[in-house]
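The values are calculated or read from the model by the stated rules, or taken from the named source; none is laboratory data. Predicted model only: the values in this text are computed from it and were never measured. Glycine gets a Cβ as well: all are built from the backbone with ideal geometry, and neighbour counts include every protein chain shown. Just so you know, the surface numbers come from the protein's heavy atoms only, side chains and all, with ligands and any DNA or RNA stripped out. Shrake-Rupley method; radii C 1.70, N 1.55, O 1.52, S 1.80 Å.
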Amino acid sequence: MKRLLGEEAVDGLAHNLRLAYPAFDAGAFRAAALEGLEPLGIMDRGVHLARAMRKYLPANYASAIAILLDSLTPPMARTDELGLAVFFYLPHVSFVAQYGLDPVGNGGEDPFEVSMRAQYELTRRFSAEFCIRPFLIREPQRTLERLLQWTDDPDPHVRRLCSEGTRPRLPWAMRLPAFDADPTPVLPLLEKLKNDPELYVRRSVANHLGDIAKRHPERVFELCRRWLADADNELRWLIRHALRHPAKKLVPAAVQLRAAACKV
């Protein structure tokens, strides 16, 4: 996968940034981006390229973000068969994750709103599930409040972020220890999204519950029992998907709930 962020991607980044910011030193950026890139894995490449962009974009974070957003291609129109090409924007989300909470790099001003706008736009083209996590750790209340608002957004990519970005054990991403220890703060998001019209979003809710069940199985079983009381076919599928791992281990409550969710 690391080849997704190889020389061709670096050239694409340089081209797009130069279009959005004519003063951008594309040659110097390219040299810095390629130096030391080869041995890195995909996630580390995102961080490495973000650092190279930081070096050649304006020092003020808000100004740099404005250029990054101007360089974006149109939002994704579909939620299926997205492929891996969207990883082109991993350096952009890495940029927000690394620099988006530091007032010093933003002229002393709180960069939270700038970062939220950036993550909103980036998740419509890739996913902000990786860069939202430092905000959930350092600014949990403000970030959760914003995500709760976004559960009503018309864009399914934005709604999915509200579940996927708050998963305590999201693959490839930093853990969220506070939510792993106590999932209570994120449950209102899952409640809002459990009947989402998009399978893309509902699958994320199911996977999120699967994460929670690894440490708090009884909490998830209780929630699924309540949801099952008036569940339609889509929500029944979500419950079955959420409980698949404990059911494979023959945990009685999970087996019983999955069987009940199969009944019409």
Within region 112-126, residues being open to solvent by less than 10 Å² (accessible area, probe 1.4 Å), within 11 Å of the chain's Cα centre (by Cα) and not aliphatic (A, V, I, L, M) number 2
>> Going residue by residue through region 215-226, is there one that turns out to be at pLDDT 95 or above, among the aromatic types (Phe, Trp, Tyr) and closer than 18 Å to Pro140 by Cα?
In response: no
- Are any of the residues in region 197-211 over 30 Å from Arg117 (Cβ atoms), part of a helix (DSSP H, G or I) and of a type outside the set (A, V, I, L, M, F, W, C)? yes
Q) Does Ile212 satisfy being crowded, with 19+ Cβ neighbours inside 10 Å and more than 22 Å from Leu147 (Cβ to Cβ)? A) no
Inside region 215-253, the number of residues satisfying the requirement of being in contact with a helix residue (DSSP H, G or I) (Cβ under 8 Å, 6 or more places away or on another chain) and either free of Cβ contacts under 8 Å to residues at least 40 places away in the same chain or open to solvent by 90 Å² or more (accessible area, probe 1.4 Å) (or both) is 26
Suppose the filter is modelled with pLDDT of 95 or more, charged (D, E, K, R), within 29 Å of Ala85 (Cβ to Cβ) and touching a Pro at 6+ places or on another chain (Cβ under 8 Å); does Asp155 pass it? yes
- Within region 176-183, is even one residue in contact with a Ser or Thr (Cβ under 9 Å, 6 or more places away or on another chain) and assigned to a helix (DSSP H, G or I)? yes
Query raised in the report: Does Leu68 satisfy the condition of being aliphatic (A, V, I, L, M) and either crowded, with 18+ Cβ neighbours inside 10 Å or over 17 Å from Leu5 (Cβ atoms) (or both)?
Result: yes
When Pro171 is run through (1) open to solvent by 70 Å² or more (accessible area, probe 1.4 Å); (2) under 18 Å from Val114 (Cα atoms), the failure sits at (2)
Residues of region 184-196 being open to solvent by less than 40 Å² (accessible area, probe 1.4 Å) and either without any contact (Cβ under 8 Å) to a residue 12 or more places away in the chain or assigned to a helix (DSSP H, G or I) (or both), in sequence order, are Val186, Leu187, Leu189, Leu190, Leu193
Of those in region 19-38 that are within 17 Å of Leu69 (Cβ to Cβ) and among the aromatic types (Phe, Trp, Tyr), the residue least open to solvent (accessible area, probe 1.4 Å) is Phe24
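Counting only residues that are of a type in the set (Lys, Arg), give me the helices (runs of 4 or more DSSP H) lying completely in region 1-58 with at least 2 of them.
42-56
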Sole miss for Val201 among (1) farther than 21 Å from Phe130 by Cα; (2) surrounded by 14 or more Cβ atoms within 10 Å (Cβ to Cβ) is condition (1)
Within region 133-158, residues open to solvent by less than 20 Å² (accessible area, probe 1.4 Å) and not in a loop (DSSP other than H, G, I, E, B) come out as Arg133, Pro134, Phe135, Leu136, Thr143, Leu147, His157, Val158
Reported set for region 83-111 where residues are open to solvent by 30 Å² or more (accessible area, probe 1.4 Å), not hydrophobic (A, V, I, L, M, F, W, C) and not in a helix (DSSP H, G or I) is Gly83, Asp102, Gly107, Gly108, Glu109, Asp110
